[in-house]
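Down below is the structure, laid out as structure tokens.
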Amino acid sequence: MLQQPLIHQLQSLRLRGMAAALEHQLAAPDTVALSFDDRLGLLVQHEIADRASQRLHQRLRWAKLPLSACLEDLDTKSVRGIDRTTLAQVTDLAWIKQHLNVLITGPTGVGKSFLASAIAHAACRADYAVRAYRLPRLVDDLTKAGALHNRSSFFRSLAKIDLLLIDDFGLAPIAEQTQRDLLEILDDRYDKKSTILTSQLPVEQWHACLGDPTLADAILDRLVHNSYRLNLTGDSMRKRKNKAPAATTAV
């Protein structure tokens, strides 16, 4: 069989990884010395790797993480108040299979969203379905779903996500309808799926932030008691990056 038609046939079968690997083999004279089994094995390996890469790309695109971050970028030397044992347990991702939650708190600029995005990125690489929302954007989508009369469908879609990241919880007063929606979302996910939540407020202040005692009790009962807590401390990393070197005056 002619080589170019074979490559086109592989592409038409959506075996693009194998097609690219075959083109590479044809352009590399040293592959001629390999046996048929070895060359076929390399084609299959390349196809598997290509599909894994495409799947990760699709998961990350759908996840819409707030920041481009990965665990390898974390500065483990700068603990920023986090217990190393707890951090290791969280980055291990075993808690996702256990349907537990992660709560990340701390003042503005200390890296809450970065850490949450890095954990969520690792979950995407582990082949979990991930979706991220800033709380105001989640409220907007809930409002749109209500206007289109498909709130139930939206709730069901959120319930299927392996890991839901909600960023900036408690940044502004939370309306009663939003509290009821959060309760609905968390109730669907309780003991079935996992959630990461970031907030500038300490967990101890969440009850007062939510306002309605009954709703607050119900929400926190489904979120807090089965969670890992990471409380970041320190100065704002944004201020540190933007801080200019101190000027010196000649004497």
Fluctuation leader among Ser53, Ser113, Ser35 - the chain, Gaussian network, Cα springs under 10 angstrom: Ser35
At R0 = 25 Å, FRET efficiency that the Cβ-Cβ distance of Gln177 and Tyr228 yields, to 0.05: 0.30
Residues in the range 32-68 that a label on Gln9 would reach, taking backbone N under 17 Å of a point 7 Å out along Cα→Cβ: 40, 43-44
Cα gyration tensor category, rounded, prolate or oblate, for the range 127-189 with a/c compared to 1.5: oblate
Estimated 222 nm signal from helices in the chain, with DSSP H stretches of n ≥ 4 weighted -39500 (n - 2.57), rounded to 500: -16500 deg cm²/dmol
Fluctuation leader among Leu186, Leu22, Leu56 - the chain, Gaussian network, Cα springs under 10 angstrom: Leu22
Relative contact order [Cα under 8 Å, 6+ residues apart], the chain, whole percent: 25
When the convex hull of its Cα atoms is projected in every direction, mean area for the range 71-234 (nm²): 9.1
Label-point separation, Gln205 to Thr108 (7 Å along Cα→Cβ), nm: 1.3
Cross-link pairs beyond the 18 Å C-alpha cut-off, checked among Lys112/Lys192; Lys112/Lys144; Lys64/Lys97; Lys64/Lys112; Lys112/Lys193; Lys144/Lys192: Lys112/Lys192; Lys112/Lys144; Lys64/Lys97; Lys112/Lys193; Lys144/Lys192
Charged-residue dipole, Cβ positions (Lys, Arg, Asp, Glu), the chain about Cα centre, Debye nearest 20: 480
Rg(Cα)/(2.2 N^0.38 Å) for the range 59-155, N = residue count: 1.22
Global form of the range 3-62, assessed from the alpha-carbon gyration tensor, a/c cut-off 1.5: prolate
Simple Cβ-charge dipole of the range 3-62, Lys/Arg +1 and Asp/Glu -1, about Cα centre, in debye nearest 20: 500
Between 0 and 90°, nearest 10: helix 16-27 axis offset from the chain longest Cα axis: 40
Residue of Gly109, Gly170, Gly17 that the Gaussian network model of the chain assigns the largest fluctuation, springs spanning Cα pairs under 10 Å: Gly17
C-alpha long axis of helix 36-63 to longest principal axis of the chain, angle in °: 20
Gain in span if fully extended, Ser153 to Ser35, counting 0.36 nm per residue against the direct Cα distance: 37.1 nm
Segment Thr91-Ser68, length gained on full extension (0.36 nm per residue, minus Cα span): 6.6 nm
Value of relative contact order over the range 3-62, rounded to a whole percent, pairs C-alpha under 8 Å and six or more apart: 36
Tilt relative to the chain, helix 213-223 - C-alpha long axis, 0 to 90 degrees, to 10: 30
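Coordinate-derived values only; no laboratory data. Here the structure is a predicted model, which means the values were calculated and not measured. Heads up, the Cβs are rebuilt from the backbone with ideal geometry, glycines too, and the neighbour counts pull from every protein chain shown.
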